[in-house]
Amino acid sequence: MQPPTREKERLTPLSTLHLDEYDMTRHHWWTHSPSRALDTAVTRLRIGHTRLNSHLHKLGMTDDPHCPWCPTYLDTPEHLLLQCPRHHSHRTALLQSLYPLLLRRPTLADLLGGSPDPGLAFKILKHTRTFLQKSGQLHRI
């Protein structure tokens, strides 16, 4: 008996997927990168369940909800990706890489694949993943 189509898709090895041709209208299209850690980080950032201090504080798991480097700012996904001076050089590289995509002032939603155009969202998310990797903050997300 042949498994249903969705089961076949689920069992397809990631290395055989051609992400350029991938149907990005499917649910959770952002979770198909070669790195499970990056997929997990992006999903956590999208749903707001991270290991950043602001979320851990809400759960009663830490006393301080502030950024470790900016004691007056909450440690939120938006602060990490868009504001924290600790990651200025990586953010500058991210913003420069988004410039050709005509994205001048990205929002948190933009960086996490919130564009109505799935192709554009996928391209932006690729650059966001690079930022997350190079900033060395995956362990905190």
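Just a few scattered comments:
- When region 88-140 is filtered for residues that are of a type in the set (Asp, Glu) and in contact with a Gly (Cβ under 8 Å, 6 or more places away or on another chain), nothing remains.
- Of the helices (runs of 4 or more DSSP H) lying entirely inside region 75-141, those carrying at least 2 residues that are among the polar types (S, T, N, Q) and within 11 Å of the chain's Cα centre (by Cα) are 118-135.
- Contacts under 9 angstrom Cβ, first residue in region 83-96 being free of Cβ contacts under 8 Å to residues at least 60 places away in the same chain, partner among the hydroxyl-bearing types (Ser, Thr, Tyr) and surrounded by fewer than 18 Cβ atoms within 10 Å (Cβ to Cβ), 6 or more apart: Gln83/Tyr73; Cys84/Tyr73; His90/Thr130; Ala93/Thr130; Leu94/Thr130
- Condition check for Ser89: modelled with pLDDT of 95 or more and polar (S, T, N, Q): yes
- Within region 37-53, tally of residues that are under 22 Å from Gly114 (Cα atoms) and in a helix (DSSP H, G or I): 11
- Considering region 102-141, the residues that are hydroxyl-bearing (Ser, Thr, Tyr) and crowded, with 17+ Cβ neighbours inside 10 Å include one that is nearest to Leu80 (Cα to Cα), namely Ser135.
- Selection count where residues are surrounded by 16 or more Cβ atoms within 10 Å (Cβ to Cβ) and either closer than 12 Å to Leu132 by Cβ or among the aliphatic types (A, V, I, L, M) (or both), scope region 49-71: 3
- Test: Leu103 is modelled with pLDDT under 95 and of a type in the set (A, V, I, L, M, F, W, C): yes
- For region 31-48, a residue qualifies if it is surrounded by fewer than 15 Cβ atoms within 10 Å (Cβ to Cβ), out of contact with any helix residue (DSSP H, G or I) (no Cβ under 6 Å at 6 or more places or on another chain) and closer than 15 Å to Leu138 by Cβ, and the qualifying residues are Pro34, Ser35, Arg36, Thr40.
The values are calculated or read from the model by the stated rules, or taken from the named source; none is laboratory data. Quantities reported herein were computed from a predicted structural model and do not represent experimental measurements. As a convention, Cβ positions derive from the backbone with ideal geometry for all residues, glycine included, and neighbour counts pool all protein chains shown.
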